[in-house]
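Where a number appears in this text, it was derived from the coordinates with a stated rule and is not lab data. Small disclaimer: the values here were computed from a predicted structure and weren't measured. Note that each Cβ is placed from the backbone with ideal geometry, even for glycine, and that neighbours are counted across all protein chains shown.
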Amino acid sequence: MSDAAADLPPGALLLGREWLGFDETGQIALIRFQAQLSFTNRHGTIQGGFLAAMLDSATGICALAALSPDLTVVTRSLDTRFLKPARIGPITARARVIERTDREMVVQAELVDAEGITVADATARLRILAKT
C-alpha cells in the first residue's frame, strides 16, 4: 500500500474507511467502511449519497494503490447503481483497475454488506496527475 492509501482525509474518517489490502489474486483491493445511524434516510437504510461516497473513496484508493507515490488521481465521473437497501454496519468495497493509460484509469467497485449482498456498484473514470 502506498503512503497515500494510508493517509485518511476527513471524508474517509467520516465513512470509517479501513484499507484491508488485496485479495489472494492481488488484483482486487478490499476496503471496509462503517455505515452509521447518521447515514440513514427516512426508510432506515443508508442514504445513496453515502454509498456513492464509499464507492468514490474505494475507487480512488484502489487507483492510488496501483500508482507510484509521485502520482495522484481525481475522479472525472462515477457511474453508480444502487442495487439493494444497505443497512447500518460494515460494508466492504471490492475494487479493481480495469483500464489504464498514462493519463487515465477506469476502476470498478462494488459494495457488499455483512450478509454478502452487493448493495451498490460503480465505474469510476479517474485522471492521473503528478502530485504538486
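Using a Förster radius of 22 Å, what is the FRET efficiency between residue 101 and residue 23 based on their Cβ-Cβ separation? Nearest 0.05, please. Intermediate results must be reported in sequence, preceding the final value.
Values: r = 24 Å, r/R0 = 1.11.
My answer for the efficiency is 0.35.
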Just the Cα atoms of the chain: what Rg and Dmax do they give in Å?
-> 14.1, 44
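With +1 on each Lys and Arg Cβ and -1 on each Asp and Glu Cβ, and nothing else charged, work out how big the dipole of the chain is about its Cα centre, in Debye to the nearest 20. Before the final figure, lay out the partial values.
On the way: 14 positive and 15 negative charges, 79 e Å.
For this selection, approximately 380 debye.
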Towards the positive end of the charge dipole of the chain, with charges on Cβ (+1 Lys, Arg; -1 Asp, Glu), say which of 11, 27, 105 has the farthest Cα.
-> 11
Taking trypsin sites (Lys or Arg not before Pro) as candidate sites, keep only those in a DSSP loop with at most 14 other Cβ atoms within 10 Å, then name the longest stretch of the chain containing none of them.
-> 43-102
In degrees, nearest 10, the alpha-carbon axis of helix 48-66 is tilted away from the dominant principal axis of the alpha carbons of the chain by 30 degrees
In sequence order, what are the phi-derived ³J(HN,Hα) couplings for the stretch 93-101 according to the Karplus relation 6.51 cos²θ - 1.76 cosθ + 1.60 with θ = phi - 60°, rounded to whole Hz, with x for glycine and proline?
-> 9, 10, 10, 8, 6, 10, 8, 8, 10
Rotationally averaged projected area of the stretch 74-132 (alpha carbon convex hull; nm²) = 4.9 nm²
